[in-house]
1. Can you tell me the dipole magnitude for the chain around its Cα centre, using point charges on the Cβ only (Lys, Arg +1; Asp, Glu -1), in Debye to the nearest 20?
2. Over the chain, give the accessible area per residue in Å² for a 1.4 Å probe, as an integer.
3. Note the per residue figure in Å³ for the convex hull of the C-alpha positions in the chain.
4. Express the carbon and sulfur contribution to the solvent-accessible surface of the stretch 151-274 as a percent, rounded to the nearest whole number, probe 1.4 angstrom.
5. Which pairs, out of K43/K241; K171/K209; K171/K215; K3/K142; K149/K223, put more than 19 Å between their alpha-carbon atoms?
6. I'd like the distance separating the alpha-carbon centroids of the stretch 123-149 and the stretch 17-66, in whole Å.
7. Could you calculate, for the stretch 166-262, the ratio of the Cα radius of gyration to the Kirkwood radius, expressed as Rg to Rh?
8. How large is the Kirkwood hydrodynamic radius of the stretch 210-271, in angstrom, based on all distinct alpha carbon pairs?
Amino acid sequence: MYKIVADSSCDMNDFPGIPFETVPLTLSTDEKSFVDSPGLNVKEVLDYLYAHHGRSYTACPSTQSWLDSFEGADEIYVVTITSGLSGTYASAGVARDQYLSEHPEVKICIVDSLSTGPGCVLLIEKIAELKAAGKSFEEISKEIVQYQKSLKLYFGLQSLHNLAAGGRVPKLVASAIGIMNIRILGTASPEGTIAPIAKCRGDKRVLEKIVEEIKACGYHGGKIRICHVENLALANEIVSKIKEFFGDIDVSIIPARGLCSYYAERGGIILGCER
Ligand code: X90
């Protein structure tokens, strides 16, 4: 039996018809910890964190939580948040080595998304598609790396506070964002780190700029997945604008789970597309 496992940065809890499970990261302050499991009330956690004055931080899934997720399958595909910003990919690797030493007959492929949220969603859907097409473990392991390279990720954020506090963007890049209605538009670099593209004043400008970038990157009407942090309006506007140019495309919009909500922050959106 095959199974796809992703960490909670993928923003989905399940995919109809796909054997799928997520393994949670955690969000913490010095007083409280929140496990980013499917039942997490993201709005309440954000309310708590915005009201909290001390430090907050995140942690990648434990080896044990990966090991538990591997149980019961003999062909396992793991999709993780970018190794450029998180230890999640490494922790999955530790779990794989341990699991394989106890279950040498099992096959485990770990895919470094070099992305997050919607980028992971596209990878998960692709693995399931390749599997449904009857491809072997070896073929899927190879093809998914090529597919990853064909994907693009863009994001529009209203604050970089948590990313900067965690050392994931330089404090200098973060400084002007969040005041005077300034947002940042960025992309995932090929190494899976944050590459700022432009500062934008207001969501309308984010919308225009993101659509410009998508058109310029070689997008030709492929799949698009968008996750948002309490900003369905912007996600919907982006979709209508893209449809004006590319017609009826395969697109879906999902609310971010805990991890992406914490880093993309309120108002943030993240878009993944095929090229
Ligand atoms: O504690 C951990 O190991 C998790 C650390 C995750 C850090 C980054 C999460 C980013 C989420 C922000 C915008 C998208 C940027 C993606 C660039 C690859 C969302």
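The values are calculated or read from the model by the stated rules, or taken from the named source; none is laboratory data. Remember, predicted model here, so these are calculated numbers, not experimental data. We place every Cβ from the backbone using ideal geometry, glycine too, and count neighbours over all the protein chains shown. Protein only, heavy atoms only, side chains kept; ligands, DNA and RNA dropped before computing areas. Shrake-Rupley method; radii C 1.70, N 1.55, O 1.52, S 1.80 Å.
1. In debye, rounded to 20, the chain gives about 1200.
2. In whole numbers, the chain has 44 Å² accessible per residue.
3. Working: hull volume 34.0 nm³, N = 275.
Cα-based convex hull of the chain, divided per residue, equals 124 Å³.
4. Details: 2920 of 5210 Å².
Within the stretch 151-274, the accessible surface is 56 percent carbon and sulfur.
5. Distance filter (> 19 Å) returns K43/K241; K171/K209; K171/K215.
6. About 29 Å separates the Cα centre of the stretch 123-149 from the one of the stretch 17-66.
7. 0.96
8. Taking every pair of different Cα atoms in the stretch 210-271, averaging 1/r and inverting gives 12.0 Å.
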